[in-house]
1. Anything in the stretch 151-167 that is outside any strand (DSSP E or B) and at pLDDT 95 or above? List them, or say none.
2. Just the residues that are under 21 Å from Glu24 (Cα atoms), open to solvent by 10 Å² or more (accessible area, probe 1.4 Å) and at pLDDT 90 or above, please, taken from the stretch 98-118.
3. Do the conditions hold for Ser121, that is, is it within 19 Å of the chain's Cα centre (by Cα), at pLDDT 95 or above and within 16 Å of the ligand (Cβ to nearest atom)?
4. Considering every residue within the stretch 225-238, establish whether at least one is within 16 Å of the ligand (Cβ to nearest atom) and at positive phi.
5. Cβ-Cβ below 9 Å, separation at least six or inter-chain, first residue in the stretch 101-121 and part of a helix (DSSP H, G or I), second open to solvent by 10 Å² or more (accessible area, probe 1.4 Å) and within 15 Å of the ligand (Cβ to nearest atom): which pairs?
6. Report, by residue number, each residue of the stretch 239-248 that is within 16 Å of the ligand (Cβ to nearest atom) and surrounded by fewer than 16 Cβ atoms within 10 Å (Cβ to Cβ).
7. Among the residues of the stretch 249-284, which ones are of a type in the set (D, E, K, R), within 13 Å of the ligand (Cβ to nearest atom) and farther than 14 Å from Ile309 by Cβ?
8. From the list Tyr207, Tyr110, pick out the single residue that is in contact with a Cys (Cβ under 7 Å, 6 or more places away or on another chain) and within 16 Å of the ligand (Cβ to nearest atom).
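The values are calculated or read from the model by the stated rules, or taken from the named source; none is laboratory data. All values derive from a computational prediction rather than experimental measurement. Neighbour counts run over all protein chains shown; Cβ positions are idealised from the backbone, glycine included. When the accessible area is computed, the model is the full protein with side chains, heavy atoms only, and any ligands, DNA or RNA have been set aside. Shrake-Rupley method; radii C 1.70, N 1.55, O 1.52, S 1.80 Å.
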Amino acid sequence: MNTNTTLGQFIIEKQSDFPYAKGELSRLLRDIGIAAKIVNREVNKVGLVNLSGDAGSTNIQGEGQKKLDVYANEQFLLALQSGGECCIVVSEEDEDYIHISSEISKNAKYIVAIDPLDGFSNIDVNVSVGTIFSIYRRKSTAGQAVISDVLQRGTEQVAAGYVIYGSSTMLVYTTGKGVNGFTLDSSIGEFCLSHPDMKIPADGHIYSINEGFYAHFSNGIKKFIKYCQVEDDQTHRPYSLRYTGSMVADIHRSLIKGGIFIYPITSHAPKGKLRLVYECNPMAFIVEQAGGKASDCYQRIMEIDVQDIHQRSAIMIGSFNMVSKAEQIISETDK
Ligand code: AFP
């Protein structure tokens, strides 16, 4: 690990790469990094204190406790509010988007969409969870930011990233010039550059889908699953199946080792389950920047029109050739 380069230093060094290099986006990314460290501290304490319980439950000191997802949401909101660079926050935890209307935010130009603690249902069993974020620049030029500033396509993202709270804690982000990963060195309390210029292998040998819902899948998805399971020496099939139930963990593995993660539409979730604005778009931006591909089976994720902040989408994301193969099989089968 290159402990010489911290996330803060790296962001400042790369500032001139940003389309509007005034330091605001750098400060926004730095604020997200700080909130991630606070959330990481609490995630690591889950076994010791009752942060995984329902909001309103009490800890061993008899104090009122918040659920960790509520806590994480508050921490990111606080960081974004006090940073002064963000005018609107869209969060998985909040039904409506939140205007930040403090004195220091009155000229803020950025919109942040965030899933503060994705994979939360895994928290009790020590499986990795994550934070996903996406950053847009507001389009309107005067007054309060408006809904059209929020409902931008994924192609308009200026930055996106995730934090994975796992065997180690990593922050991975892109500003559209490649992908870099930073591992938290707890001895110095800093994210340090450990995975510079990440590239996803074009092929992989792992597929990741909740196969328990097989009966609810389209014939195209079923056919692709069969393709993954058939023996073929040339393409190293059958592929292995890995599925944690934490999108961040499953996509992070694909980014490092190659693979495909799929959450398709099902007969029970006809629009898909995952959220376009703060789950699919940021992950698509990162994976594309690393050389991979992300689609909803038919269309590039980042080109989907956004009508609603909590809009759902199917997603197929990962190694370029695997996603292309899946798209081909699905379009031939589900015509
Ligand atoms: P939670 O945040 O409610 O645990 O959901 C996690 C998630 O949004 C995503 O991270 C997983 O890949 C997916 O849902 C798992 O969904 P299934 O349990 O339906 O497979």
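1. Narrowing the stretch 151-167 to residues outside any strand (DSSP E or B): 151-156, 166-167.
Of everything in the stretch 151-167, those that are outside any strand (DSSP E or B) and at pLDDT 95 or above turn out to be Leu151, Gln152, Arg153, Gly154, Thr155, Glu156.
2. As a first pass, look at the stretch 98-118 and keep what is under 21 Å from Glu24 (Cα atoms): 98-114.
From what's left, open to solvent by 10 Å² or more (accessible area, probe 1.4 Å): 98-104, 106-107, 109.
Selection gives Ile98, His99, Ile100, Lys109.
3. Details: within 19 Å of the chain's Cα centre (by Cα): yes; at pLDDT 95 or above: no; within 16 Å of the ligand (Cβ to nearest atom): yes.
Against the criterion (within 19 Å of the chain's Cα centre (by Cα), at pLDDT 95 or above and within 16 Å of the ligand (Cβ to nearest atom)), Ser121 does not qualify.
4. Of the residues in the stretch 225-238, the ones within 16 Å of the ligand (Cβ to nearest atom) are 225.
Keeping just the survivors that are at positive phi gives none.
The answer is no, given that none of the residues of the stretch 225-238 is within 16 Å of the ligand (Cβ to nearest atom) and at positive phi.
5. Sorted first by the residue in the stretch 101-121, then by its partner, the pairs are Phe120/Ser52; Phe120/Lys67; Phe120/Asp69; Ser121/Gly245.
6. As a first pass, look at the stretch 239-248 and keep what is within 16 Å of the ligand (Cβ to nearest atom): 241-248.
Those that are within 16 Å of the ligand (Cβ to nearest atom) and surrounded by fewer than 16 Cβ atoms within 10 Å (Cβ to Cβ): Leu241, Gly245.
7. So the first thing to find is which residues in the stretch 249-284 are of a type in the set (D, E, K, R), and the list is 250, 253, 257, 271, 273, 275, 279.
The next check asks that each one be within 13 Å of the ligand (Cβ to nearest atom); those that pass are 250, 253, 273, 275, 279.
Scanning the stretch 249-284 gives Asp250, Arg253, Lys273.
8. The unique qualifying residue is Tyr207.
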